[in-house]
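Comments concern the structure below.
The values are calculated or read from the model by the stated rules, or taken from the named source; none is laboratory data. Just so it is clear, the model here is predicted, and its values are computed rather than measured. Using ideal geometry, Cβ is built from the backbone for each residue, glycine included, and neighbour counts are taken over all protein chains shown. Heads up: the accessible areas ignore ligands, DNA and RNA and are worked out on the full protein's heavy atoms, side chains in. Shrake-Rupley method; radii C 1.70, N 1.55, O 1.52, S 1.80 Å.
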Amino acid sequence: MLPSEELGSPKWKFRVTNPTGKTQMDAPVNWLCPSWVMKSLSLLSVLLGLFGFSLLAQEQTAPSLPPAGPNRPSGVPADYVITPFGYFHPSCVLQLKKGESFQDGGLLRHADGNTESVASCAYPHYWPSGELASAGSLAHKTAVEEGMGTAPPLVINGWVEDSNFIIGTAFGKAVSTWTVPPLPRIHDAQFVYFFPGLVGNGTDILQPVLGSGNGTSWAFTSWHCCPSKTAVASYSISVNPGDTLVGTMVMTCAPGTAACPTWNVISEDKTTNQSTKLTGTPSGGETYAWGFGGVLEAYGIVQCADYPSNASLTMKTLLYDSNLNLVPSPDWSNSLVVLSNALPQCDYAVNTSATNTTLTYGTKDPSFYLTPTAAGISVNQGATNTWTFNVAPVNGFSGPVNFSASSLPAGVSVEFAPGSSANSYTLTASATCAASLTGANQPSAMAMFGSASGVATQNFALNVYVNPPLTGGSGTVVDLSSAYNVYGFYDDADQSDITPANSLDGFGNVFSANLLSPPGTTPMGLNLNGTQFTFGPPNQPDSVSGTGANSIELPSGEFTSLKILAISTYGVQPSQTLTVTYADGTTQEFTQTFDDWLSSCTSSSPCAAPGESVAAVMPYADSKSGPALVWGENLHLYAYSFALNSSKTVKSLTLPNNRNVVVLAATLSAADRGTRSRLQQRRAPRCPSQYPEDDFVDRE
């Protein structure tokens, strides 16, 4: 039996906006912080200063919910966040501070006694499967449940397994005890949750939730979904592997009350004597008759090592009826939500006794897992690129391992070979000129399979990004070198030299040169829709922002359009002015809005800025600590085109006086498609453009 829609309706409300325009909570708890924040102390200090974050009281902290990220199901907007109930718009989340409570009628009562109304969520939400939530649908329906009869899903998102019991009357209390498990062996940007729960007959569920999302820590939070159509959560407390946790859901009424109007949800760490709770949270007249002894829910699982390393967890759950009498022997139903054709398969099992639920999600037999060097692989049409990874042995395993792959993007092939050291391997991806571009779409998830003698086959999902060809376009490339003042690209091998000062965004993150051109390619370039662009050399200033830059000299001539590749590094930058000066002294101004390089620019949610399109998509940024996702998002490079007065000779270009707008390349086009760039004449392979030049939208 599966929970009804009511289980999956939490809506969170955020209160602070971060520098990239992504919504954040008041102060981050480590287990939900983006990995790049945790990896860079200097960056963290910048963020603390920007947002006024306080680390004074561990119990007062409020986590930033994980972004939906590149592994989200298709159709889920990129600006949504992950919750233990699916994907939600960040404005639909409310987290309480210590001393606050959420009352019937949508009133938020502050610690000082003042109240304010909380508006109902104005956005739709999505189940973990990516399906739009609707009345009567299944709240914990996962992406893997939709795989029967089709290609197996490659990423697990949603409920994995649970035990549940329905009582004939109503529950009045439930108490669960369990031990915080070890952290996962590896962090693949996954999120793992464990909890018991009580589900009502309408729109409510009560849950004390243990969760981990950054690979370095756990947090414990009390949740209630969804009074007044809002998901409410207490402040979070940090807990450690080995700590004893107790989660209690109890009505505030006298014994014998079947539909108590208010409940308490208490999450306690008995080892450290910390607790966090929802007090007097309104049930809306619901009767809680469905109890869950233990649930494993996870997002972004691409290999079994993404689960805690102990392979199983046992929760002791005591259920009490509405008279507060112990239910001595619940008839638990055990549910494996992950279907047999889903990947990865990790020896999933649920076993129950009168009081205990054991959730199994891994193996204690000899095995192995993968430690990739980056979050995905990017390859240009007509080119190749490599991705390296290591095999980490578990429980006495010894190699070798043979690898294969399936579910590749159209026009892409891969080969595997041993690496330069023991247990290391190299994947080489090759894309034809007709390979399917990622563009504004999500990357394709490729399935890797590792087989070894006497060991169950292991699998791993790898995102593959296909970008336009390196060469073959036309146009007159604009030499920006006299104005270079921003570090836009770094070779992966040199990223240890990156600092906030010599980075693209000012926080220590830059584009990876390895993702747009193979290492050693000079100069780097991109043929976008038939127009050739050239990038500056990496590991030094190679891009231009308006701050402190004089006008840029343009090649003399008469041209129909100016095309640029650019980004914003700090949220959307609206109505920015670019000025072209002609040889006769006249000027032409263009007004353009620039999206953040992390913006949610997808086929289902196009770029908000008119005249903007996605030129290339990349799976990670380089930082001092290594390749990493930034706020859990893909990285975008955008293209813009501006119609010129073709009867006049151009002289110079002046960029917006704004450090947050960065131009990485520029090319002028003439009516006859301009002069062939020297870049494409001496490099092979060449892919003919698949797009007419007028695919660019000229801005006048």
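Can you list the equivalent-ellipsoid semi-axes of region 151-208, largest first and in whole Å, using the square root of 5 times each Cα gyration tensor eigenvalue? Don't jump to the answer; show the numbers that get you there.
Details: eigenvalues 161, 58, 19 Å².
Each semi-axis is √(5λ); the values are 28, 17, 10 Å.
Round to the nearest 0.05 the FRET efficiency obtained for residue 347 and residue 98 when R0 = 35 Å and r is the Cβ-Cβ distance. Write out the running numbers ahead of the final one.
On the way: r = 40 Å, r/R0 = 1.15.
The value I calculate is 0.30.
Using heavy-atom solvent-accessible surface (probe 1.4 Å) with all chains present, what is the largest-first order of 624, 364? Working shown, then result.
Values: 624 125, 364 150 Å².
Order by accessible area, largest first: 364, 624.
Would you kindly derive the ³J(HN,Hα) couplings of region 431-445 from the backbone phi angles with the Karplus curve 6.51 cos²θ - 1.76 cosθ + 1.60 (θ = phi - 60°), listing them in order in whole Hz, with x for Gly and Pro?
Coupling constants for region 431-445: 10, 6, 5, 9, 4, 5, 5, 5, x, 7, 7, 6, x, 7, 8 Hz.
Taking a 1.4 Å probe, which of 421, 309 shows the most accessible area, and what order do the others take after it?
Numbers: 421 70, 309 40 Å².
Sorted descending by solvent-accessible area, the residues read 421, 309.
Provide the solvent-accessible area of residue 186, counting protein heavy atoms only and rolling a 1.4 Å probe, rounded to the nearest 10 Å².
20
Could you pull the accessible area for residue 109 with a 1.4 Å probe, rounded to 10 Å²?
Spelled out: residue 109, probe radius 1.4 Å, area about 90 Å².
Would you please put 560-566, 127-133, 414-420, 644-650 in order of how densely packed they are, using the mean number of other Cβ atoms within 10 angstrom per residue and starting with the highest? Write down the numbers at each step before the final one.
Details: 560-566: 23.6, 127-133: 21.6, 414-420: 14.0, 644-650: 16.0.
Going by the mean number of other Cβ atoms within 10 Å, highest first, we get 560-566, 127-133, 644-650, 414-420.
Once both labels are modelled 7 Å past Cα along the beta-carbon direction, what's the residue 494-residue 657 spacing in nm?
So the two model labels end up 3.3 nm from each other.
If amide hydrogens are placed 1.01 Å from N in the peptide plane, which non-local residues have theirs closer than 5 Å to the one on residue 205?
Excluding prolines and chain starts, which carry no amide H, the hits are 200, 225, 226.
Stretch residue 584-residue 116 to full length: gain in nm at 0.36 nm per residue minus the Cα-Cα span?
On the way: separation 468, 0.36 × 468 = 168.48 nm, distance 6.12 nm.
Gain on stretching residue 584 to residue 116: 162.4 nm.
Would you check the accessible area of residue 480, probe 1.4 Å, heavy atoms only, in square angstrom rounded to 10?
Per-residue accessible area (residue 480): approximately 10 Å².
How would 304, 260 line up by accessible area, probe 1.4 Å, largest first?
On the way: 304 30, 260 0 Å².
Final ranking, largest accessible area leading: 304, 260.
Under 14 Å from a point 7 Å along the Cα-to-Cβ line of residue 449: which residues of region 376-416 have their amide N that close?
402-408
Using a 1.4 Å probe on the protein chains only, how many percent of the accessible area of region 411-452 belongs to carbon and sulfur?
Working: 910 of 1760 Å².
The value for region 411-452 is 52 percent carbon and sulfur by accessible area.
PRE reach from residue 422 (point 7 Å along Cα→Cβ): which of region 398-413 fall under 15 Å by backbone N?
Once the point is set 7 Å along Cα→Cβ of residue 422, 398-401 turn out to lie under 15 Å by backbone N, inside region 398-413.
Could you give each residue of region 300-312 its phi-based ³J(HN,Hα) in whole Hz, using Karplus coefficients 6.51, -1.76, 1.60 with θ = phi - 60°, and x for Gly or Pro?
Each residue's phi maps through the Karplus curve to give x, 7, 10, 7, 5, 5, 6, 8, x, 6, 7, 6, 7 Hz.
Describe numerically, in nm with one decimal, the distance between label points set 7 Å from Cα along Cα→Cβ at residue 273 and at residue 392.
Each label point is offset 7 Å from its Cα along the Cβ direction, giving 3.6 nm.
Carbon and sulfur: what percent of region 154-196's accessible surface (1.4 Å probe)?
On the way: 560 of 990 Å².
Taking all protein chains in place, region 154-196 shows 57 percent carbon and sulfur surface.
Report the residues of region 430-456 in range of a label on residue 365: point 7 Å along Cα→C-beta, backbone N strictly under 18 Å from it.
449-456
For region 427-575, what is the accessible area per residue in Å² when the probe is 1.4 Å? Could you put the intermediate results ahead of the total?
Values: 4570 Å² over 149 residues.
About 31 Å² of surface per residue is accessible.
For region 659-664, take each phi angle, set θ = phi - 60°, evaluate the Karplus expression 6.51 cos²θ - 1.76 cosθ + 1.60, and give the result in whole Hz per residue in order, putting x for glycine and proline.
4, 7, 9, 10, 9, 9
Taking 25 Å as R0, compute the FRET efficiency from the Cβ-Cβ separation of residue 645 and residue 551 and round it to 0.05.
Details: r = 17 Å, r/R0 = 0.70.
So the FRET efficiency works out to roughly 0.90.
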